[in-house]
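Data block below; observations after.
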Amino acid sequence: MKPTIPLGLFELKEEMKQRKNQRMTIKMRSFMKRIGQKRRTELMVATVNKHLKRLKVRAYSSTGTQWHRLKMEEWVTFSFQEVEHSPHLVQVRTNDLPFRLFVHQEEALRRLDETPMPFSGILSIPTGGGKTVVAVHWLLKEGVNRGRKVLWLTHRHDLLDQAFSAIRTLATNDLVKKGKVISCRLISSDETHESVKAIQSTDQIVIGTNQSIAGQLSLLQENWLKANEDILIVVDEAHHAVSETYEHILTTVSKKSNPTILGLTATPFRTLEEERGLLKKRFSDDIVYKLDVATLIARGILAEPFFKELKTGVKKLPTLSVADIQHIHTADRLPPKVEDYLTIHQARNALIVKEYRSHKHVYGKTLVFAMNRKHAILLTRQFIEAGISADYFISGEEKKGEALKRFKDNELDVLINVNMLTEGTDLPDVQTVFLARPTSSAILMTQMIGRAMRGVEAGGTASAQIVHFHDEWPETISWITPNELYQDEAAEMKQRFVENQRVPLTISIVDKWYKSLPKEEAEAHRFVETIPVGVYSFIDPSQRQSIDILVYEHLATAYESWLANMVVVEKNEVAAMLNRTAKSYFREKRHTFGFHEQDLAALYHYFSKTKTKPTLRWLKDRDKVDITRLAEEITQRRLYGEEKKHFIDTHWNEEQSFIAVYFGFDKLEFRKRLELELIRLEEPELFSRVE
């Protein structure tokens, strides 16, 4: 019998009934075959919708695209319609918060408290640093607790559930003093969520995708918002906020209410204050709080990353047209002919599996980012054939939850996924990420790498292995590589070795260094002598405060010698011991710049509480702020007049030099100090002094 639309849909419904979750995901091509259709005409779509409604079955996609607009190779999901919806009710517990915040999270909350409302700014914390926890803590305390409504916007269904989970976790009377229940609505095209029309005026929090909210924005305003009402808006993954749908939502809501807008992002915007683009216009108050990757690594909250690039040997790729290249840059997707070619490339896939098998003891629990479903299945099969426990993860498929659970329970060594673990999925103990798909998106690369960078202090690992499989492309395409990404974002975590313990220079270190030296003290020395060589960075176990002790060249040996011989003494002997330390290890150096007795006390206190000696993290790239070197180069090249000015301006304006940061963007102060170094080179006798 030839398949028909009614018969095909009836059989599909019967199959759904037999499934545990009463849901079914198939390719559009298979669906069309089931109902005996080859083309999607207006009549055909109307007929299918009529029978779906009669059968009380819903058709949708994970991307929010209407089913009849999906491509033949894309996936469509069918589930039973829910007749009635009720809000997600969150009980406000009477116990304390379930966990202590990290120091940087407390600092971020203080900064938010100090920022007058309303504002429109960004909270930038790297992936794994707990930005969602900060945002939820803030919205519960400053939003729900004070009677303000909260709108949480995101672009993906699964991020809604992540936000709601955090709200449930943090909903205690520490943050919400009034009321015992919080009414939340989750709005998206997913069958487990609701539509905008379900929102009631009494709902306190609405968490929705930008597509669903924008589609019925007038209804949201009519049923939920009051005129001139204060509202908190959280834009998750704020780098998407420049899209038309976000712009429409934020602009429209701002006309009726008084919003305070907080954008969340794991991607650092190092030069946001200098940008004149759309993000700057949307988040007019710039960055409310920002923390760099290097500081989180030094504190053990993020893992130390090690990068490895492997050339796949793939050279003879299908020829790309101009349109293909443009599509790659705009959509970050390979043309089907290239994607298919790489997907089934036996040598490339074999290299991926061989790399893991040869270094399994190093890589451990590994997340592989594949290009598409077929690639994930092929890789899974090859991993299993090589004796490695592996499975794949495809959003929307029935086996999704099972594979992810097995990976979380350490029943799998390797999980191959397709683009759905980049944001919002908590896998803290992943040790390694295999980048088996190319990307032209710096944001996507940041998120993929971030899956392995949860540090020991955050329940993760001490180090993270990032393995990048590199194909050779004949055309000029701006593919993002891990090293280039981190260099661009000022973290500069190029491949390094554990024994070096070198960390990048960061804005926070430069700022602390600048403020720690009195001007007269600094000018009495060659500038290069006043640049710290390293930093002891740790968290005070009692006060839960971040401690950064800058170490200068003339003090480094003394610190290391003392720490090597440090022992715990009785409480009544601590003061005397520290006094002896200053006199014996540091001697005359205790009267020089950079030495502070409270630094000795902080180091000893940390050791006595944790039985761990802090590691001196040596700073690399000190030449970025070395004015002495600039003065020497000006002298050697005999630069005068316009040539000298051009040379100086080039270094002042160079984004990665940190010189402008050090001098608080005061160019006059910088020029004065540079001239002082030039005079020191020309007439050193003027600076001779009695020691």
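The values are calculated or read from the model by the stated rules, or taken from the named source; none is laboratory data. In this text the structure is predicted, and so the values were computed from the model without any measurement. Quick reminder, even Gly has a Cβ in these numbers, built from the backbone with ideal geometry, and neighbours come from all protein chains shown. Accessible surface is based on the protein model in full, side chains and every heavy atom, while ligands, DNA and RNA are left aside. Shrake-Rupley method; radii C 1.70, N 1.55, O 1.52, S 1.80 Å.
Observations on the model:
- Probe 1.4 Å - accessible area at Asp548, Å² to nearest ten: 40 Å²
- Arg146, Arg437, ranked by accessible area, largest first (probe 1.4 Å): Arg146, Arg437
- Entries of Lys360/Lys613; Lys53/Lys197; Lys180/Lys408; Lys308/Lys337 with Cα pairs more than 25 Å apart: Lys360/Lys613; Lys180/Lys408; Lys308/Lys337
- q = 0.25 Å⁻¹: log10 I(q)/I(0) that the Debye formula gives for the stretch 132-230, counting C-alpha atoms only: -1.42
- Lys/Arg +1, Asp/Glu -1 at C-beta; the stretch 142-219 dipole; positive extreme among Thr172, Ile213, Leu159: Thr172
- Listed peptides 180-190, 355-365 appear in the order 180-190, 355-365 once ranked by packing, highest mean of other Cβ atoms within 10 Å at the front.
- Counting only protein heavy atoms and using a 1.4 Å probe, the accessible area of Phe283 comes to about 0 Å².
- Here the stretch 138-285 exposes an accessible surface that is 47 percent carbon and sulfur, computed with a 1.4 Å probe and the other protein chains kept in place.
- Peptides 292-300, 49-57 ranked from most to least packed, by the mean per-residue count of other Cβ atoms within 10 Å: 292-300, 49-57.
- Segments 31-38, 207-214 sorted - mean Cβ within 10 Å per residue, highest first: 207-214, 31-38
- Calculated FRET value between Val45 and Thr4, using beta carbons and R₀ = 22 Å, to 0.05: 0.90
- Put a dot 7 Å past the Cα of Glu643, heading toward its Cβ, do the same for Lys589, and the two dots end up 4.1 nm apart.
- For the stretch 181-245, the solvent-accessible area works out to 36 Å² per residue, with a probe of 1.4 Å and every protein chain left in place.
- Spin-label proximity, Asn258 to the stretch 118-140 - amide N less than 13 Å from point 7 Å beyond Cα toward beta carbon: 118-119
- Taking amide H positions as modeled 1.01 Å from N, with prolines and chain starts lacking one, the residues under 5 Å from Val92 and 5 or more places away or on another chain are Val181, Ile182.
- Largest first, the residues Trp75, Trp138 sort by 1.4 Å accessible area into Trp75, Trp138.
- Extending 7 Å from Cα along the Cβ direction at Leu89 and again at Val569 yields two label points whose distance is 6.2 nm.
- Volume per residue that the Cα convex hull of the stretch 154-308 spans, once the total is divided by residue count, Å³: 166 Å³
- Modelled FRET efficiency - R0 60 Å, Asp409 with Phe687, Cβ distances, 0.05 increments: 0.35
- Spin-label pair Arg168/Ser195, simplified geometry with 7 Å Cα→Cβ offset, distance in nm: 2.6 nm
- Alpha-carbon centroids, the stretch 207-251 and the stretch 576-606: separation in whole Å: 55 Å
- Taking Phe647, Phe99 and ordering them by how much accessible surface each has at a 1.4 Å probe, largest first, produces Phe99, Phe647.
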